[in-house]
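A quick write-up on the structure given underneath.
The values are calculated or read from the model by the stated rules, or taken from the named source; none is laboratory data. The model shown is predicted, which means the values in this text are computed figures rather than measured ones. We place every Cβ from the backbone using ideal geometry, glycine too, and count neighbours over all the protein chains shown.
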């Protein structure tokens with residue numbers, strides 16, 4: 001395949017589709033086109049595509065209505081939901097390449113709740129500064145899920161280069177311009193869930209899906225202020241959750257941030273107990289639509305006693321691209337997907 005013109009990064013979730021096209025400029029890529037499209041409930045549920053015909057039709061609309069011009073490329077890297085897939089770092093320090101597949105297949109049944117004949121499998125050696133010797137990053141997804149996505153994308157008229165788990169795309173997007181650093185936790189606050197990824201560059205250690213999403217902020221605010229969901233959605237981004245003035249809106253949103261903090265602290269405890277040889281996680285990167293909440297970084301930093309930063313994917317905006325920089329965290333997964341072969 002000819003990748004010279006670049007790939008489409010296509011992020012599929014329960015509530016929204018997002019697509020980006022990048023130009024491979026240096027030192028960071030340039031975003032040349034983008035679009036998002038809200039999905040009615042029921043088309044994709046818990047990561048499973050329920051209505052392939054409707055989703056494929058909306059993918060065509062998404063690409064056709066991209067800004068500042070339609071995306072006419074055909075080569076796509078699309079996301080697979082982490083909550084339905086598995087990422088595992090295996091330690092196989094003394095296994096030569098010729099025997100690696102057999103060693104992986106022997107270990108894998110201990111880590112995934114599927115038979116080997118029920119999954120598609122991919123892996124790669126983890127290399128680079130700080131990478132443990134013999135580390136193998138393994139990804140596994142149910143065949144039925146992958147086949148759903150392939151069928152839907154084929155109906156949309158695009159060519160699938162790869163399907164990739166969200167966690168890998170997130171790590172690629174956020175660390176593309178950074179040297180190896182200490183262990184970091186990525187917290188991607190989406191509309192229907194929050195994906196958490198532990199990273200010791202260049203390796204993804206683990207990923208987890210939290211029972212929390214950006215919708216929780218809106219719901220908590222709507223209940224507290226007794227307003228509609230739509231009005232609360234508008235108001236939440238004009239409220240500073242770190243404000244010392246504890247209005248009803250601030251208290252409602254801070255309660256939701258504290259709920260998120262509790263879930264993240266459980267993940268931090270998991271990382272410390274399951275990866276004792278990795279450097280302790282001292283920094284957290286926020287992305288996703290929920291990261292636009294004003295003051296969420298300062299509030300989480302206080303609650304978790306960690307450095308917390310809202311991280312925008314390091315891309316330039318093309319000359320005619322009018323996407324607000326504050327909206328970039330929502331496109332992190334799509335950008336990471338589009339960087340698949342960079």
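Look through 137, 100 and report the one residue that is surrounded by 15 or more Cβ atoms within 10 Å (Cβ to Cβ) and either within 23 Å of the chain's Cα centre (by Cα) or modelled with pLDDT under 85 (or both).
137
Would you mind finding the one in 306, 311, 327 that is modelled with pLDDT of 90 or more and over 19 Å from the mean Cα position of the chain (by Cα)?
Selected residue: 306, the only one of 306, 311, 327 that is modelled with pLDDT of 90 or more and over 19 Å from the mean Cα position of the chain (by Cα).
Taking segment 74-97 as the search range and keeping residues that are in a strand (DSSP E or B) and touching a helix residue (DSSP H, G or I) at 6+ places or on another chain (Cβ under 7 Å), which one is surrounded by the fewest Cβ atoms within 10 Å (Cβ to Cβ)?
90
With at positive phi, in contact (Cβ under 8 Å) with a residue 24 or more places away in the chain, surrounded by 20 or more Cβ atoms within 10 Å (Cβ to Cβ) and in contact with a helix residue (DSSP H, G or I) (Cβ under 9 Å, 6 or more places away or on another chain) as the only criterion, which of 9, 47 stands out?
After applying the criteria, what remains is 47.
Does residue 71 satisfy being over 30 Å from residue 21 (Cα atoms), in contact (Cβ under 8 Å) with a residue 24 or more places away in the chain and in a loop (DSSP other than H, G, I, E, B)?
Values: over 30 Å from residue 21 (Cα atoms): no; in contact (Cβ under 8 Å) with a residue 24 or more places away in the chain: yes; in a loop (DSSP other than H, G, I, E, B): yes.
Considered against the rule, which asks whether it is over 30 Å from residue 21 (Cα atoms), in contact (Cβ under 8 Å) with a residue 24 or more places away in the chain and in a loop (DSSP other than H, G, I, E, B), residue 71 comes out as no.
Does residue 66 satisfy being under 17 Å from residue 327 (Cα atoms) and at pLDDT 95 or above?
When the stated conditions are applied, residue 66 passes them.
Does segment 273-298 hold any residues that are assigned to a helix (DSSP H, G or I), modelled with pLDDT under 95 and within 30 Å of residue 17 (Cα to Cα), and which are they?
Taking segment 273-298 and keeping what is assigned to a helix (DSSP H, G or I), we get 273-274, 289-292, 296-298.
This time we only want the ones that are modelled with pLDDT under 95, so: 273-274, 289-292.
Residues satisfying the conditions are 289, 290, 291, 292.
Filter segment 292-312 for residues that are under 22 Å from residue 323 (Cα atoms) and either in contact with a helix residue (DSSP H, G or I) (Cβ under 7 Å, 6 or more places away or on another chain) or not assigned by TED's automatic domain parsing to the domain that holds residue 233 (or both) and give the result.
Selection gives 292, 293, 296, 309, 310, 311, 312.
Within segment 107-126, can one find any residue that is in a loop (DSSP other than H, G, I, E, B), assigned by TED's automatic domain parsing to the domain that holds residue 37 and either surrounded by fewer than 19 Cβ atoms within 10 Å (Cβ to Cβ) or within 22 Å of the chain's Cα centre (by Cα) (or both)?
Checking segment 107-126: not a single residue is in a loop (DSSP other than H, G, I, E, B), assigned by TED's automatic domain parsing to the domain that holds residue 37 and either surrounded by fewer than 19 Cβ atoms within 10 Å (Cβ to Cβ) or within 22 Å of the chain's Cα centre (by Cα) (or both).
Please determine whether any residue of segment 20-35 is under 29 Å from residue 121 (Cα atoms), surrounded by fewer than 22 Cβ atoms within 10 Å (Cβ to Cβ) and modelled with pLDDT of 95 or more. Spell out the reasoning first.
Here is the first cut: in segment 20-35, the ones under 29 Å from residue 121 (Cα atoms) are 20-22, 24.
Pick out the ones that are also surrounded by fewer than 22 Cβ atoms within 10 Å (Cβ to Cβ) and you get 24.
From what's left, modelled with pLDDT of 95 or more: none.
No, segment 20-35 contains no residue that is under 29 Å from residue 121 (Cα atoms), surrounded by fewer than 22 Cβ atoms within 10 Å (Cβ to Cβ) and modelled with pLDDT of 95 or more.
Have a look at 150, 168 and point out the one that is within 19 Å of residue 334 (Cα to Cα), modelled with pLDDT of 85 or more and buried (at least 16 other Cβ atoms within 10 Å of the Cβ).
On inspection, the qualifying residue turns out to be 168.
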